[in-house]
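Read the structure below first, then the notes.
The values are calculated or read from the model by the stated rules, or taken from the named source; none is laboratory data. None of the values given here were measured: they were computed from a predicted structure. Here the Cβ positions follow ideal geometry from the backbone for every residue, glycine too, while neighbour counts run over all protein chains shown. Only protein heavy atoms, including side chains, enter the accessible area calculation; ligands, DNA and RNA are left aside. Shrake-Rupley method; radii C 1.70, N 1.55, O 1.52, S 1.80 Å.
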Amino acid sequence: MMLKVTTPLVSVEWLQENLEAENLIILDATIPKVGGAIDITKEKQQIKNAVFFDLKNVFLDVKGEYPNTIPSKEHFEEQVQKLGVNNDSCVVVYDDLGVYSSPRVWWLFNVFGFKNIAVLNGGLPAWKEAGYAVEFQKENKIEQGNFKAEFKENLLRVTEQVLEASNNKELILDARSKGRFDATESEPRKDLRSGHIPNSKSLPYGMLQSDGNMKSAKELQQLFSLVNPEKEHMTFSCGSGITACILALGAEASGYTNYSVYDGSWTEWGSRLELPVEK
């Protein structure tokens with residue numbers, strides 16, 4: 001059976017029912033939360049046959065000035081093939097924190113033209129809570145895939161485009177905490193200015209979630225209809241391009257497709273002293 005997803009989010013029950021699909025690839029995209037750390041005293045567990053998708057060391061611009069920035073099309077294609085992904089694969093991505101870094105992987109695949117991918121709602125915690133099988137992390141034998149990338153530039157914005165959007169008072173939504181947005185909390189990255197992009201609005205990514213799960217499509221629709229009643233283009237930003245993708249996932253799940261992610265996000269904006277900052 002060749003599996004195809006019809007929504008950007010799938011449940012743990014759906015994944016359990018489709019574990020034997022011949023074209024299924026499960027990716028573990030876990031990274032530590034900003035300001036947090038992974039407990040190295042515990043042996044890492046994973047969903048059976050999951051393959052590790054290394055956001056911090058592989059799937060980024062390794063020579064980039066800022067963290068997590070998007071890799072080249074050629075680099076992404078080559079590294080995804082090494083994970084065994086084919087053009088006809090169905091990819092489900094999850095992380096150990098619920099829904100935190102997995103949307104970044106979902107967004108990257110979409111940027112590079114691959115749509116048959118979904119995020120596992122609730123991630124590994126929801127999978128384990130449901131009583132489904134896990135294994136200790138191991139390297140599974142992988143046959144190289146034939147994945148081909150096709151860059152979709154409309155899903156990505158760079159600083160110059162965001163500055164123009166800011167000057168034009170277009171809708172820019174910031175996924176960081178309200179405290180970081182208002183500059184009442186310091187940034188976790190040393191020597192980074194506090195505040196926000198002028199004319200942007202605060203939408204902390206936690207508002208799209210409940211107990212580690214993304215909210216229902218109906219709840220997300222209600223939220224986005226409040227922040228974007230005119231259904232205009234949305235630019236999503238955050239600290240370093242990770243949680244902005246949670247907003248992108250929420251928008252897609254609620255039927256909004258007119259959006260892009262600011263890849264450099266606040267780490268780049270706050271570092272470039274020539275750019276204006278509001279507090």
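Per-structure values
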read-out: Hydrodynamic radius of the chain per Kirkwood, over alpha carbon pairs, in Å; value: 19.1 Å
read-out: Separation of the Gln222 and Leu19 label points, Cα + 7 Å toward Cβ, nm; value: 3.5 nm
read-out: Sites Val62 and Ala133 - FRET efficiency at Förster radius 35 Å, r taken between beta-carbons, to 0.05; value: 0.50
read-out: Over 28 Å [Cα-Cα, segment 94-249], rounded percent; value: 29 percent
read-out: For segment 13-137, convex hull of alpha carbons as volume per residue, Å³; value: 110 Å³
read-out: Gain on full stretching of the segment that runs from Glu143 to Lys4 - 0.36 nm per residue minus C-alpha separation; value: 48.0 nm
read-out: Accessible area per residue in Å² at 1.4 Å probe, computed on the chain; value: 48 Å²
read-out: FRET efficiency for Ser186 and Glu150, using Cβ-Cβ distance with R0 set to 41 Å, rounded to 0.05; value: 0.50
read-out: Relative pair counts by distance (%), Cα atoms of segment 77-169, 10 Å bins; value: 14, 34, 32, 14, 5, 0
read-out: Anchor Lys141: lysines whose Cα lies under 27 Å away (excluding residues fewer than 8 positions away in-chain); value: Lys4, Lys42, Lys44, Lys48, Lys56, Lys73, Lys82, Lys115, Lys128
read-out: Surface share of carbon and sulfur [accessible, 1.4 angstrom probe, percent] for the chain; value: 48 percent
read-out: Extent along principal axes [Cα atoms of segment 170-279; Å; largest to smallest]; value: 40, 30, 20
read-out: Structure-based [θ]222 nm, the chain - -39500 (n - 2.57) summed over DSSP H runs of at least 4, per residue, nearest 500; value: -7500 deg cm²/dmol
read-out: Protection proxy ranking, peptides 61-70, 183-192, 85-94, average beta carbon neighbours within 10 Å, highest first; value: 85-94, 61-70, 183-192
read-out: Highest-MSF residue in the chain out of Lys201, Lys169, Lys215 [GNM, Cα springs under 10 Å]; value: Lys169
read-out: Choice from Gly264, Gly179, Gly250 showing the highest fluctuation, given a GNM over the chain with Cα pairs closer than 10 Å; value: Gly179
read-out: Lysine pairs within segment 144-215, Cα separation less than 30 Å, 8 or more sequence positions apart or different chains; value: 12
